[in-house]
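Engineer: Before I ask anything, let me first share the structure, which is written out below as structure tokens.
The values are calculated or read from the model by the stated rules, or taken from the named source; none is laboratory data. In this text, all values refer to a predicted model and were calculated from it rather than measured experimentally. Ideal geometry is used to build each Cβ from the backbone, glycine not excepted, and the neighbour counts take in all protein chains shown.
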Amino acid sequence: MVYAGLRLKTGDEVITGTQDHFSQHESIRFACEKAGANMRKFSLYSDPSKVTIDEITKNLVAAIRPETRVVGTTWVHSGTGVKLPIRALADVIAKVNRGRGADDRILFVVDGAHGFGVVDENVADLGCDFFCAGTHKWMFAPRGTGIIWARAESWAHLRPTIPSFDSWPRWDAWMEGKVSSSPVTALDITPGGFQAFEHQWAMVSAFKFHEAIGRSRVEKRIEELNSHCKGQLASIPKVRIITPLNPTLSAGITCFEVTGMKAEDVGKKLAERKIGAGPSPYIPSYLRFAPGLINTIEDVDRGVQAVREIAS
């Protein structure tokens with residue numbers, strides 16, 4: 001809904017990382033095709049296991065051109081487990097924008113999947129213009145639920161895509177046979193229609209559940225489990241850890257590979273042992289463990305032991 005609503009013009013450019021997800025890449029492509037704008041991919045890092053904040057920010061600086069109007073990226077890459085330094089990237093974009101006019105400023109769109117519900121950060125402090133995240137993963141809300149957050153002034157950069165039942169100024173204008181001239185707000189971007197309201201009510205319970213535990217405790221527990229997972233996997237001779245060991249650049253996903261074996265084949269062997277670690281839908285494809293709040297250290301050890309047996 002964000003990319004489809006962007007007020008892009010012919011010749012404008014949207015850039016995104018090669019490591020980003022299918023959903024982001026295709027949403028950008030669709031939007032650019034409609035507007036006559038251009039999409040360009042660039043690599044944020046070369047080796048995920050050795051990535052640094054300096055490497056990521058320098059690659060973004062090098063990728064930005066005068067025609068760049070939007071930067072789209074992902075908080076935690078589900079193909080490598082790398083957690084991007086969103087605040088640092090936002091600072092790079094803010095510096096560029098200080099030398100641009102209001103019509104030429106770059107918008108920063110973040111896919112917050114695999115960071116939201118894992119990392120102890122306020123979305124409003126990340127520095128992005130738009131933040132999108134499904135809530136069925138780490139938040140434990142029902143499938144098909146999610147959020148779009150934006151700064152109050154950022155909504156004006158979008159055109160509504162789906163008629164909203166929540167925007168009374170537009171509804172009232174329609175009733176009078178007019179077109180509303182009201183500024184675009186979050187209510188205009190919220191899709192209308194008859195929703196699965198039980199799922200939205202369940203979202204409230206999911207958020208309250210996390211609030212009751214506390215974001216700091218959630219982050220520390222997930223960090224503890226994944227650090228333990230990476231440490232144990234690293235002790236297996238034929239296993240290579242893809243995800244950074246540093247928690248500053250990783251979160252709840254641990255990607256790895258077994259030397260000489262395809263990720264798909266290892267995934268099948270793990271499934272036979274009732275261990276969930278399927279290959280990631282990327283090229284290259286890696287195996288992924290994602291220890292979270294529902295897991296224990298014993299769960300992690302059981303998964304690692306299965307990998308040890310398969311790799312031996």
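Engineer: Please tell me if Phe165 is assigned by TED's automatic domain parsing to the domain that holds Gly17 and part of a loop (DSSP other than H, G, I, E, B).
Structural biologist: yes
Engineer: Here's another thing I want to ask about it. If I ask for residues that are exposed (fewer than 15 other Cβ atoms within 10 Å of the Cβ) and of a type outside the set (Val, Ile, Thr), which ones from segment 172-191 would you list?
Structural biologist: If the condition is that a residue be exposed (fewer than 15 other Cβ atoms within 10 Å of the Cβ) and of a type outside the set (Val, Ile, Thr), then Asp172, Trp174, Met175, Glu176, Gly177, Lys178, Ser181, Ser182, Pro183, Pro191 are the ones that fit.
Engineer: State yes or no: is Arg105 charged (D, E, K, R) and either touching a Leu at 6+ places or on another chain (Cβ under 9 Å) or outside the structural domain of Gly81 (by TED's automatic domain parsing) (or both)?
Structural biologist: no
Engineer: Here's a check for you: in segment 283-296, which residue that is surrounded by 17 or more Cβ atoms within 10 Å (Cβ to Cβ) and of a type outside the set (S, T, N, Q) is farthest from Lys220 (Cα to Cα)?
Structural biologist: Tyr286
Engineer: Do we have Ala156 as modelled with pLDDT under 95, within 30 Å of Ala212 (Cα to Cα), surrounded by fewer than 16 Cβ atoms within 10 Å (Cβ to Cβ) and in the same structural domain as Asn97 (by TED's automatic domain parsing) here?
Structural biologist: no
Engineer: So which pairs qualify, if the first residue must be in segment 32-45 and basic (Lys, Arg), the second must be part of a strand (DSSP E or B), the Cβ gap must be under 9 Å, and the two must be at least 6 apart or on different chains?
Structural biologist: Partner pairs satisfying both residue conditions: Arg40/Glu13; Arg40/Val14; Arg40/Ile15; Arg40/Thr16; Arg40/Thr68; Lys41/Ile15; Lys41/Thr16; Lys41/Gly17.
Engineer: Of the residues that sit in segment 56-98 and are touching a Cys at 6+ places or on another chain (Cβ under 7 Å) and part of a helix (DSSP H, G or I), which one is surrounded by the most Cβ atoms within 10 Å (Cβ to Cβ)?
Structural biologist: Restricting to residues being touching a Cys at 6+ places or on another chain (Cβ under 7 Å) and part of a helix (DSSP H, G or I), the top hit is Ile86.
Engineer: Scan segment 235-292 for residues that are hydrophobic (A, V, I, L, M, F, W, C) and in a strand (DSSP E or B) and jot them down.
Structural biologist: Answer for segment 235-292, where residues must be hydrophobic (A, V, I, L, M, F, W, C) and in a strand (DSSP E or B): Val239, Ile241, Cys255, Phe256, Val258, Leu287, Phe289.
Engineer: Which residues, counting only those in segment 1-20, are assigned to a strand (DSSP E or B) and of a type in the set (Val, Ile, Thr)?
Structural biologist: Val14, Ile15, Thr16 - these are the residues of segment 1-20 that are assigned to a strand (DSSP E or B) and of a type in the set (Val, Ile, Thr).
Engineer: Also, I was wondering about something else. Which of (1) out of contact with any Ser or Thr (no Cβ under 6 Å at 6 or more places or on another chain); (2) farther than 22 Å from Glu309 by Cβ is the odd one out, the single condition Leu233 does not satisfy?
Structural biologist: (2)
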